[in-house]
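Engineer: One structure is given below, represented as C-alpha cells, and several questions about it will come after.
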Amino acid sequence: MSNKPANKARYVVMEGYLEYARVFPENMDNNPEFHPTGQYNTNFYPATEGDLEKFWKAGVPKAFRGNERLKSADRESWGIGKFIKLKREHVHRFEDLSGPPEVVHWGDEEKRGTPWTMTEDGELGNGTKVMVKVVVYGEGERTGHRIDKIGVMEHVPYESASDGTRF
C-alpha cells in the first residue's frame, strides 16, 4: 500500500475575460481535424497575476510538450494581457465530463446563478468579463484541466468581422 495521497480533483475559480468563446452547443469548435468529437474552448485572460497564480498552484504545468501555456497577446485592457486556453470535450469517455460547461448569469444580482443561453441572452463576445471555475486533475506531466462553469459578469455582445470571421 502506498503512502502517497489519492489524486483528487482541484477546483480553481478565477476572474478574467474571454476571447473566441465557443462554450455553447450552437458555437462549439467542431473542426474534425483537431477536435473530431467537438470541443468547447476559449482564450481566458486572467484579471490579475493572483488569478493566474491559482491556476499554477493547482498543479497545472506552465508548459506542455515544450509549449508555454501562457500566451502573449495584444490585449492590454483585459486583465494581465496574456491568456491561457481553457477547454472541455464535447464527448468524453466518462459521460459526466462531457458536454458544454455550465454558463450562468453572475453580474446581475436578480438573475445570479440562472442559466445563460446563447439564444436568449446572446453569444459571449470578446472582452466579456467572467468568473470561471476550472477543474484540475492528475499529477506532473499528466495534469489536465477542464472548464466547468462560467459566470457572466459583464457581457460584451458577439460581433463577427465583415469577412465572416470571428472576433
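Engineer: May I ask you to say which residue of E110, E159, E139 is over 21 Å from H35 (Cβ atoms) and without any contact (Cβ under 8 Å) to a residue 24 or more places away in the chain?
Structural biologist: Values: E159 fails: without any contact (Cβ under 8 Å) to a residue 24 or more places away in the chain; E139 fails: without any contact (Cβ under 8 Å) to a residue 24 or more places away in the chain.
On inspection, the qualifying residue turns out to be E110.
Engineer: Follow-up question, since we're still on this one. Give the residues of region 115-134 that are crowded, with 18+ Cβ neighbours inside 10 Å and in a strand (DSSP E or B), sorted by residue number.
Structural biologist: L124, K129, V130, M131, V132, V134 - these are the residues of region 115-134 that are crowded, with 18+ Cβ neighbours inside 10 Å and in a strand (DSSP E or B).
Engineer: Of the numbered conditions (1) out of contact with any His (no Cβ under 8 Å at 6 or more places or on another chain); (2) among the aliphatic types (A, V, I, L, M); (3) farther than 24 Å from E139 by Cβ, M28 fails exactly one; give the number of that condition.
Structural biologist: Failed condition: (1).
Engineer: When only residues in region 101-111 that are within 19 Å of the chain's Cα centre (by Cα) and assigned to a loop (DSSP other than H, G, I, E, B) count, which is farthest from R146 (Cα to Cα)? Step through it out loud before you land on a result.
Structural biologist: At the first step, the residues of region 101-111 found to be within 19 Å of the chain's Cα centre (by Cα) are 101-107.
After this cut, where a residue has to be assigned to a loop (DSSP other than H, G, I, E, B) as well, the list is 101, 106-107.
Details: P101: 9, W106: 20, G107: 23 Å.
Here the residue is G107.
Engineer: In region 99-114, which residue that is of a type in the set (V, I, T) and in contact with a Phe, Trp or Tyr (Cβ under 8 Å, 6 or more places away or on another chain) is surrounded by the fewest Cβ atoms within 10 Å (Cβ to Cβ)?
Structural biologist: V104
Engineer: Separate question: In region 82-100, how many are charged (D, E, K, R) and either part of a loop (DSSP other than H, G, I, E, B) or more than 15 Å from the chain's Cα centre (by Cα) (or both)?
Structural biologist: Count: 3.
Engineer: Return a yes/no flag: does region 100-110 have any residue that is closer than 12 Å to F24 by Cα, at pLDDT 95 or above and charged (D, E, K, R).
Structural biologist: Checked against the condition, which is being closer than 12 Å to F24 by Cα, at pLDDT 95 or above and charged (D, E, K, R), region 100-110 yields at least one hit.
Engineer: Another question about this same structure. Restricting to region 139-162, what's the tally of residues that are over 18 Å from the mean Cα position of the chain (by Cα) and not in a strand (DSSP E or B)?
Structural biologist: Qualifying residue count for the region: 7.
Engineer: Are any of the residues in region 147-154 over 30 Å from P61 (Cβ atoms), modelled with pLDDT of 95 or more and surrounded by fewer than 16 Cβ atoms within 10 Å (Cβ to Cβ)?
Structural biologist: Of all residues in region 147-154, those over 30 Å from P61 (Cβ atoms) come to 154.
After this cut, where a residue has to be modelled with pLDDT of 95 or more as well, the list is 154.
With surrounded by fewer than 16 Cβ atoms within 10 Å (Cβ to Cβ) added as a condition, the list becomes 154.
Checked region 147-154: at least one residue is over 30 Å from P61 (Cβ atoms), modelled with pLDDT of 95 or more and surrounded by fewer than 16 Cβ atoms within 10 Å (Cβ to Cβ).
Engineer: Which members of region 23-56 meet the condition of being farther than 17 Å from R146 by Cβ and among the charged types (D, E, K, R)?
Structural biologist: Passing the criteria: E26, E33, E49, D51, E53.
Engineer: Residue under question is K71, and the condition is that it be in contact (Cβ under 8 Å) with a residue 12 or more places away in the chain and either farther than 28 Å from E120 by Cα or surrounded by 11 or more Cβ atoms within 10 Å (Cβ to Cβ) (or both); does it hold? Show your work before the answer.
Structural biologist: Details: in contact (Cβ under 8 Å) with a residue 12 or more places away in the chain: yes; either farther than 28 Å from E120 by Cα or surrounded by 11 or more Cβ atoms within 10 Å (Cβ to Cβ) (or both): yes.
Considered against the rule, which asks whether it is in contact (Cβ under 8 Å) with a residue 12 or more places away in the chain and either farther than 28 Å from E120 by Cα or surrounded by 11 or more Cβ atoms within 10 Å (Cβ to Cβ) (or both), K71 comes out as yes.
Engineer: Related question: Select from region 10-28 the residues that are buried (at least 17 other Cβ atoms within 10 Å of the Cβ) and outside any strand (DSSP E or B) and write down the one among them that is farthest from the chain's Cα centre (by Cα).
Structural biologist: In this case the residue turns out to be N27.
Engineer: Which of the residues belonging to region 29-81 are part of a loop (DSSP other than H, G, I, E, B), small (G, A, S) and either modelled with pLDDT of 90 or more or touching a Phe, Trp or Tyr at 6+ places or on another chain (Cβ under 7 Å) (or both)?
Structural biologist: The initial filter retains those residues of region 29-81 that are part of a loop (DSSP other than H, G, I, E, B), namely 30-38, 47-48, 58-62, 65-66, 69-70, 73-81.
Then drop every residue that is not small (G, A, S), which leaves 38, 47, 58-59, 66, 73, 77, 79, 81.
Once the filter is applied, which keeps residues that are part of a loop (DSSP other than H, G, I, E, B), small (G, A, S) and either modelled with pLDDT of 90 or more or touching a Phe, Trp or Tyr at 6+ places or on another chain (Cβ under 7 Å) (or both), region 29-81 yields G38, A47, A58, G59, A73, G79, G81.
The values are calculated or read from the model by the stated rules, or taken from the named source; none is laboratory data. Everything quoted here is computed from the prediction, not taken from an experiment. For neighbour counting, all protein chains shown are included, and Cβ atoms are generated from backbone atoms with ideal geometry for every residue, glycine included.
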